[in-house]
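This report concerns only the one structure given below.
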Amino acid sequence: MAATERNERLTDELDPSIRLRCPICRAALSKQSTCWRCTSAAAHEFPEVSGVPVLLNPERSIFRFEDFRPHARTTFKEPALWALRLGRLLPSPSRDVSAPHCRSRLAGLLAERDRDRRRVLVVGCGDGTAGYGALTQVEHASWLETDVSLAGRARIVCDASDLPFEDGQFDLVICVAVLEHVLDPQRCVDEMHRVLSANGLIYATTPFMQQVHMGEYDFMRFTRSGHRWLFRAFDEIDSGMATGPASVLVWSVEYFLLSWTSSVAARRVIKGLTRLALGWMTWLDPWLARREAAQDGAGGFYFIGHRSPKTPLVARGMLNYYQGADALK
Ligand SMILES: [Zn+2]
């Protein structure tokens with residue numbers, strides 16, 4: 001059954017206790033018969049497509065309401081079932097070596113909070129392929145998944161640069177492999193900071209050495225230090241390598257070979273053969289992730305922090321943050 005092979009939404013109903021706000025003017029939003037409208041004098045209107053509210057600020061977003069009304073493709077499309085099955089048979093070209101550690105650590109931190117303080121916002125849920133591991137086992141946690149695509153399992157379509165929520169009402173924000181796809185990552189991180197409760201948690205992973213993916217929707221990369229500075233309004237709980245140099249090497253071979261052809265069929269064959277021939281190499285990444293010298297060639301980094309900074313991060317302090325090979329000399 002297709003429905004069970006794909007990743008279904010964690011929650012199908014929109015929690016009525018979530019206080020939605022107009023992404024343009026921050027006034028309250030109310031549901032109309034076929035759309036959502038803000039209560040300000042401007043009465044901004046937002047469509048609902050297939051039961052999913054599309055809450056965008058078209059002045060700042062790269063997306064328009066028209067991108068969603070006909071249920072068109074935006075950042076990604078749902079793969080055909082045969083492609084989904086084939087992808088599962090082939091070795092993955094990348095491995096997030098930090099995912100089990102991060103999700104189990106976050107599950108512990110979330111479970112320590114009061115039962116009514118476990119509200120999770122996912123910014124960029126995609127199709128849920130990556131999963132949330134131990135986090136979904138936390139009792140009394142409530143989830144809201146969002147994205148800028150209707151292809152996945154988003155319950156609300158919204159852009160991270162203008163989150164349509166009242167301040168301080170989430171206890172954990174998850175933002176995995178998203179910030180490379182936004183034009184203004186600092187504004188998006190500031191928005192996540194705004195909607196988090198006092199001492200709320202942030203979990204983000206973002207690529208450093210990774211070739212262009214998702215075509216026209218790819219804009220940014222971060223070193224580990226650059227990633228830390230992006231989250232300077234947060235205290236760090238944990239950070240480190242998410243994707244290792246072996247994944248980078250597999251991607252590099254694949255993209256070197258892809259450089260020779262624009263043929264869709266040939267590119268599919270190259271991707272499949274590269275995965276079959278070199279996918280095993282990504283098993284080296286868990287070992288490399290423990291080595292300081294490997295940090296400089298990592299594929300990406302994770303950051304876990306909480307909202308209330310005890311010691312504000314200052315610019316000069318960033319020189320001591322670097323943890324790569326040159327820090328050993
Ligand atoms: Zn408004």
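The values are calculated or read from the model by the stated rules, or taken from the named source; none is laboratory data. Nothing here was measured: the structure is a model prediction, and the numbers come from that model. Cβ atoms come from the backbone with ideal geometry, glycine included; neighbour counts cover every protein chain shown.
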Legend entry - Which numbered condition Gly244 fails, given (1) touching a helix residue (DSSP H, G or I) at 6+ places or on another chain (Cβ under 9 Å); (2) within 27 Å of Ile24 (Cα to Cα); (3) crowded, with 18+ Cβ neighbours inside 10 Å: (2)
Legend entry - Matching entry among Val120, Val138, Val148 (being closer than 17 Å to Leu56 by Cα and touching a residue at least 12 places away in the same chain (Cβ under 8 Å)): Val148
Inset, instruction - Inspect all residues belonging to the range 233-245 and state whether any of them is closer than 27 Å to Leu201 by Cα and polar (S, T, N, Q). - result: yes
Inset, instruction - Give the residues of the range 153-190 that are crowded, with 23+ Cβ neighbours inside 10 Å and of a type in the set (Gly, Ala, Ser), sorted by residue number. - result: Ala154, Ala160
Inset, instruction - Run down Arg21, Arg37, Arg64 and say which single residue is closer than 19 Å to Cys188 by Cα and without any contact (Cβ under 8 Å) to a residue 12 or more places away in the chain. - result: Arg64
Legend entry - Residues satisfying the stated conditions in the range 40-53, i.e. more than 14 Å from the ligand (Cβ to nearest atom) and in contact (Cβ under 8 Å) with a residue 12 or more places away in the chain: Pro47, Glu48, Val49, Ser50, Val52
Legend entry - Condition check for Pro286: modelled with pLDDT under 90 and either more than 14 Å from Ser239 (Cα to Cα) or surrounded by fewer than 15 Cβ atoms within 10 Å (Cβ to Cβ) (or both): no
Legend entry - Criterion: at pLDDT 95 or above, within 12 Å of the ligand (Cβ to nearest atom) and closer than 30 Å to Glu139 by Cα - qualifying residue of Arg37, Arg21, Arg26: Arg21
Inset, instruction - Scan the range 98-107 residue by residue and report those that are within 17 Å of Phe170 (Cα to Cα) and more than 17 Å from the chain's Cα centre (by Cα). - result: Ala107
Inset, instruction - Counting only residues that are in contact (Cβ under 8 Å) with a residue 40 or more places away in the chain and of a type in the set (Ser, Thr, Tyr), give me the helices (runs of 4 or more DSSP H) lying completely in the range 219-309 with at least 3 of them. - result: 245-258
